[in-house]
Amino acid sequence: MTQAPAPAPAPAAPVITESKPEPVAAPAPVAKAEPPAPVEAKVESKPEPRPEPKAAEAAKAKALQDAKSVDAASGGRYVVQVGAFAEKDKARQAQQKLERAGLRNYTNVAETKNGTRIRVRAGPFASRAEADKAAQKIKGLDLPAAVLTL
């Protein structure tokens with residue numbers, strides 16, 4: 001005997017439920033808030049901008065000229081001028097020679113009627129004897145040397 005297929009179950013009827021609206025609460029009155037207390041502004045310290053090379057060289061030259069180690073009572077301060085150069089490269093080469101020889105040096109940029117000149121100087125020295133000794137050492141480097149009083 002063959003069995004007849006079982007009837008498919010009828011789909012369930014959707015259940016509809018009634019929903020009651022919930023009562024809405026009245027908004028609470030808004031209290032006026034006091035303005036917030038002033039906040040102190042934080043001042044951020046920004047790194048100081050790097051001075052331009054000309055300004056840095058001028059500051060370095062001034063610091064060297066105002067050196068405390070120089071005895072003003074001994075007759076003044078002395079420097080040895082190595083040269084006044086129109087080209088930065090030549091001035092830098094002279095400075096490098098002085099540095100390799102162990103001599104403190106600085107540059108001074110001057111405007112002349114012939115244009116900008118970069119003066120390369122060694123020192124300052126406390127006595128004329130020290131300046132003369134440095135001048136001899138500089139001449140040994142194949143550089144000109146002239147002792148100047150500041």
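The values are calculated or read from the model by the stated rules, or taken from the named source; none is laboratory data. Please read all numbers here as calculations on a predicted model, not as lab measurements. A quick note on method: Cβ atoms are made from the backbone with ideal geometry, for glycine too, and the neighbour counts reach across all protein chains shown. For accessibility, only protein heavy atoms count, side chains too; no ligands or nucleic acids. Shrake-Rupley method; radii C 1.70, N 1.55, O 1.52, S 1.80 Å.
If I filter segment 102-112 down to residues being farther than 18 Å from E87 by Cβ and over 27 Å from the mean Cα position of the chain (by Cα), which single residue comes out as surrounded by the fewest Cβ atoms within 10 Å (Cβ to Cβ)? It comes out as G102. Cβ-Cβ distances below 8 Å connect the following pairs, each with a first residue in segment 95-112 that is farther than 18 Å from A135 by Cβ and touching a residue at least 40 places away in the same chain (Cβ under 8 Å), a second residue that is among the hydroxyl-bearing types (S, T, Y) and outside any helix (DSSP H, G or I), and a separation of six or more residues or different chains: V109/T116. The single residue among K60, K42, K46 that is open to solvent by 40 Å² or more (accessible area, probe 1.4 Å) and either modelled with pLDDT of 65 or more or over 27 Å from the mean Cα position of the chain (by Cα) (or both) turns out to be K60. Of the residues making up segment 130-150, those that are assigned to a strand (DSSP E or B) and within 35 Å of the chain's Cα centre (by Cα) are L148, T149. Residues in segment 93-128 that are more than 15 Å from P144 (Cα to Cα) and in a helix (DSSP H, G or I): E99, R100, R128. Scanning segment 81-92 for residues that are within 23 Å of D132 (Cβ to Cβ) and either of a type in the set (V, I, T) or not in a strand (DSSP E or B) (or both) yields a single hit, V82.
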